[in-house]
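Worksheet: the structure to be examined is printed underneath.
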Amino acid sequence: MSAPRPRVGRERPAGGFELYSWYFFRISGLLLIFLAITHVVIMHVINTVDEIDWNFVADRWGSPFWRAFDWLMLFLALLHGLNGARLAVDDYIRARGWRIFAHSILWSAAVIFLIIGSIAVLTFDPSAFQAASTAAGS
Amino acid sequence: MTTGTVPTQERGPATAGTRGIAAYRGYRPPVGMLSWALHRITGLGVLLFLLLHIVDIFLVGYGPETFNELLFIYRHPVFRIGEIILVAGLYYHAANGVRIILIDFWEKAYRFERQLFYGVIAVFLAGFLPTAFFMIRAMVR
């Protein structure tokens, strides 16, 4: 007979939203290892902030693949990060009023940053600016 | 969020009257506590940068003048050092995240708590040292 397993790690929640967020935290984490490290290697090692400018982004987002890549990373990283912040809030903020306040901030941040990030990634249209600069340059 | 059942340890050689940070002199935190604290700090740090990054990439939609004008911030030496620290935090968070998932889904992982943590440090260094080398080389060139 084996000894009972010690309680290690964050206890898996019994069900409901907390269990879904527990699984989401781990699955999004695994996907983000691939997405974020690819992103870091391309944008910070192969290229650097010296090369990256508006034209670089316009070129890159000419490809639907990189737009999809960036949007998926935005979605997963934002929700993964804010879920982590939510756990920190649950750990440290005890007073009911402050908890409601902190959770409201986090959920609002999720909605607002997801909207502005999605607008940036999905609606960006360089042709208007490029046409303007060509006209100005000629 | 608890990461480990290591019993609370004595605070090393500190005497009962010691106060403040000096009370922790000689205290070796158990690896579970250390990895947990680093995971949380790096996680919140990367989240903070992510929010800033979403705002800056939103400015791409305002055209090349607006976006390129603000790039001097990211090219500032202080930000480039910060960029390397950000990558360090991200790599640690990624490596330690795998350790957390192993502990969650592999029944016997807790027996290798110390070895797994050293594995995290090894994977972190194997990824970070070459990355930092290339980033610093690009910076000083």
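The values are calculated or read from the model by the stated rules, or taken from the named source; none is laboratory data. Computed from a predicted structure; not experimentally measured. All Cβ positions, even for glycine, are placed from backbone atoms using ideal geometry, and neighbour counts span all protein chains on display. Quick note on the areas: whole protein, heavy atoms, side chains included, nothing else; ligands and nucleic acids left out. Shrake-Rupley method; radii C 1.70, N 1.55, O 1.52, S 1.80 Å.
Packing, taken as the mean count of other beta carbons within 10 Å per residue, orders the peptides A:31-37, A:50-56 from highest to lowest as A:31-37, A:50-56.
When segment B:29-140 is described by a simple charge dipole with +1 on each Lys and Arg Cβ and -1 on each Asp and Glu Cβ, the residue from B:122, B:81, B:59 located farthest towards its positive end is B:122. Based on alpha-carbon centroids, what's the gap between segment A:93-128 and segment B:66-95 in Å, whole number please? Spelled out, the Cα-based centre of one part sits 22 Å from the other.
When B:74, B:24, A:20 are compared by accessible surface with a 1.4 Å probe, the order from highest to lowest is A:20, B:24, B:74.
Would you mind computing Rg(Cα) / (2.2 N^0.38 Å) for segment B:25-125, counting N as its residues?
Working: Rg = 18.1 Å, N = 101, 2.2 N^0.38 = 12.7 Å.
Rg over 2.2 N^0.38 Å, computed on Cα atoms: 1.43.
Phi angles across segment B:68-84 convert, under the Karplus curve 6.51 cos²θ - 1.76 cosθ + 1.60 with θ = phi - 60°, into 3J(HN,Hα) values of 5, 5, 8, 5, 4, 4, 6, 8, 5, x, 4, 5, 6, 5, x, 4, 5 Hz, Gly and Pro given as x. Placing unit charges on the Cβ atoms of the charged side chains and taking the dipole of segment A:8-96 about its Cα centre, the candidate lying farthest along the positive direction among A:28, A:13, A:84 is A:13. Between residue A:47 and residue B:19, the FRET efficiency estimated from the beta carbon spacing at R0 = 45 angstrom works out to 0.35. A crude spin-label estimate for the pair residue B:125 and residue A:91, with each label 7 Å from Cα along the Cβ direction, gives 2.6 nm. Placing a label point 7 Å from the Cα of residue A:19 along the Cα-to-Cβ direction, no residue of segment A:60-90 has its backbone N under 16 Å from that point.
In debye to the nearest 20, how big a dipole does segment A:35-138 give about its Cα centre with +1 on each Lys and Arg Cβ and -1 on each Asp and Glu Cβ? Write out the running numbers ahead of the final one.
Details: 6 positive and 8 negative charges, 125 e Å.
Using Cβ point charges on Lys, Arg, Asp and Glu, segment A:35-138 gives about 600 debye.
With 29 Å as the cut-off, how large is the P(r) tail for the protein assembly as shown, expressed as percent of Cα-Cα pairs? Intermediate values should be presented prior to the final figure.
On the way: 17137 of 38781 pairs.
Of all Cα-Cα distances in the protein assembly as shown, 44 percent exceed 29 Å.
Taking Cα centre as origin and charging only the Cβ of basic (Lys, Arg, +1) and acidic (Asp, Glu, -1) residues, the dipole magnitude of segment B:29-140 rounds to 440 debye.
In summary, the helical segments of chain A meeting the span-like criteria, namely a full DSSP H run, a Cα extent along the axis of 18 angstrom or more and a mean Kyte-Doolittle hydropathy of at least 0.0, are A:16-40, A:64-92, A:96-123.
Semi-axes of the equivalent ellipsoid of chain A are 40, 20, 12 Å, computed as sqrt(5λ) over the eigenvalues of the C-alpha gyration tensor in descending order.
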